[in-house]
């Protein structure tokens, strides 16, 4: 296949040579389940199994290794609350360089500990990424360390682009690749790689609907920022994407789509159930797009990048619950019942007769509209799907309950 941009693809190929002995060559596996659900052959690229749990180590390692080839600095510095922190820490430690990572004070302890265990000095500052970034810039000026940007850097972009080389090696007849995007480094690198080798392959970027600066810019043809980025997919919750990455995306990407938090949660749950894979919200965005009705399915082979698996354990149950509700596997409702002995037993017998499982019950006897012998029952149920939930509601209504779905 003809290479259209030898400079860019050569950068990516050189990056592959630098990192190949250190990073994992992650699997690209066909999924019958998701192929049936989407209507096209789906392949999953498991970057959640990468060292440090994310693709970020590719770009970080390539950048630091490149520095060592030219004018090695005494140390590097970065700001991050997540995957970039661990990628830089691991890469610097592996290459014998000191690293300082500035993280917000709100960063979960598990992520701080993981970054320190990879060999970095962690500095906690501020309440958000922007505060940490400003502090990192101050420390960089004082120390002379080289700042490693998470996405606005040619060497970082080239490192992320090595995923494209692996995909094309394993699946040369690929039709479409779906890539999650926040700052844009992963999308820019993969798009540049794929299009330089085979311009006929579609590259589609995926963002959260609540953090869609790149989508807005792609559609209007101009760089855009957003005022907020409120999404469960914190790995792609970026208000100010890279201008360098946006230029690559504008040149190489075919389309961009958004997915909702509910769709992301559902994809995480499916990956847990069907693939036994732990994937963080940002990492599940590409699969969420493949399973949604927003993108055109051409029937060709489609690769979804599962970009990371670093999800806070304490947050998993919230994600799972959101996914269960979105798929109709959990049902929450309320109803008024007589506040007398046996009422709850009667209610439970109806639920049991429908083969549903009660997972939460809360009594409210103090509501102003209640009679003295009444109570409002708030209950949550485990059901097999939307049809089963409707069957339960109809059974309760037939027994005289006025049901409100919450």
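For segment 156-205, what is the largest minus smallest coordinate of the Cα atoms on each principal axis, given in angstrom and ordered from greatest to least?
That gives 28, 18, 16 Å along the principal axes, largest extent first.
Determine, from the Cβ-Cβ distance of residue 399 and residue 327 and an R0 of 22 Å, the FRET efficiency 1/(1 + (r/R0)^6), rounded to the nearest 0.05.
For R0 = 22 Å, the calculated efficiency reads 0.25.
If you work out volume of the Cα convex hull per residue in Å³ from the coordinates, which of [x] 194; [y] 160; [z] 169 do you get?
The value matching this structure is [y].
Does anything in segment 345-365 have its amide N under 15 Å from the 7 Å Cα→Cβ label point of residue 334, and if so which residues?
Residues 361-365 fall inside that zone.
Mind checking Rg over Rh on segment 328-405, alpha carbons, Kirkwood formula for Rh?
Answer for segment 328-405: 0.96.
With a point put 7 Å past each Cα toward its Cβ, work out how far residue 357 is from residue 74 in nm, to one decimal.
6.0
Treat each spin label as a single point 7 Å out from the Cα along the C-beta direction, and report the residue 105 to residue 210 distance in nm.
2.4
When the helices in the chain are scored as -39500 (n - 2.57) per DSSP H run of 4 or longer and the sum is shared across all residues, what 222 nm value do you end up with, to the nearest 500 deg cm²/dmol?
Calculated mean residue ellipticity at 222 nm is -13500 deg cm²/dmol.
In degrees from 0 to 90, rounded to the nearest 10, what is the angle of the helix 243-252 Cα long axis to the longest principal axis of the chain?
80
Hey, quick one: spin label on residue 251, modelled 7 Å out along Cα-Cβ, who in segment 175-203 has an amide N within reach, i.e. under 12 Å?
Residues 188-189, 191-193, 195-196 fall inside that zone.
With 10 Å bins from zero, work out the P(r) of segment 26-101 over every alpha carbon pair and list the percent per bin.
All Cα pairs, binned at 10 Å, distribute as 19, 37, 21, 15, 8, 0 percent.
Helix 6-19 against the longest principal axis of the chain: what's the angle in degrees, Cα atoms only, rounded to the nearest 10?
Orientation of helix 6-19: about 80 degrees from the principal axis.
Size of segment 74-144 along its principal axes in angstrom, Cα-based, largest extent first?
The Cα atoms of segment 74-144 stretch 31, 29, 14 Å along the principal axes, largest first.
How many angstrom lie between the Cα centre of segment 106-125 and the Cα centre of segment 343-393?
Centre-to-centre distance over Cα atoms comes out at 44 Å.
Subtracting the Cα-Cα distance from 0.36 nm times the residue separation, let me have the gained length for residue 370 to residue 220 in nm, one decimal.
Net length gain for the segment: 48.6 nm.
How far is helix 343-353 tilted off the main Cα axis of the chain, in degrees rounded to 10, range 0 to 90?
For helix 343-353, the angle is close to 60 degrees.
Each reported figure results from applying straightforward, stated rules to the coordinates on display, with no laboratory input. Quick caveat, the model's predicted, so the values are computed rather than measured. Positions of Cβ are backbone-derived with ideal geometry, glycine not excepted, and every protein chain shown enters the neighbour counts.
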